[in-house]
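Accompanying notes for the structure given below.
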Amino acid sequence: MPETGYHPFPVWFILEADLEEDIMKKLINSALKTALYLLELSDQATENTRDRIADRYSDARDQARDSYGVMAGRVNNAARALRGEDTSGVKNVLMFVGGVGAGVALGLMFAPASGDETRRAIAQRFEGIGSKMRDTSAA
């Protein structure tokens, strides 16, 4: 074709191709930004879940440690009692008996009845309790 200024493709076609290329670049850029945003959201959700799981694991571990400590102490106390090293049971019984004795003595001192009457009443109660125990053991 001769050089007459005539182009085989019209100018509007060239402009349209540039416009389509610009739109495609913008679409790709927008798609990449959206993908990046979604990845960040996914990372945040994963991090939050990971933190919650770590906290729950830590709580469960602490609770297990506490329970183990309590149980180890109880087993240790039981072992000491079986070996005869733990005298707290005997001590408690002796303290109870001492308290009962002190209560009886104070009761006798401050009782409204005379000493002979109070002693007879106590003896009769113990005899009644003894006979009840004999009757239940015989049955």
How many residues, within region 103-139, are hydrophobic (A, V, I, L, M, F, W, C) and in a loop (DSSP other than H, G, I, E, B)? 3
Tell me which residues, restricted to region 73-102, are in a loop (DSSP other than H, G, I, E, B) and out of contact with any helix residue (DSSP H, G or I) (no Cβ under 6 Å at 6 or more places or on another chain). G84, E85, T87
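Rule-based calculations on the coordinates, nothing more; no lab input. Everything numeric here is computed off the predicted structure, so don't read it as measured data. Reconstructed Cβ throughout: ideal geometry from the backbone, glycine too, with neighbour counts over all protein chains shown.
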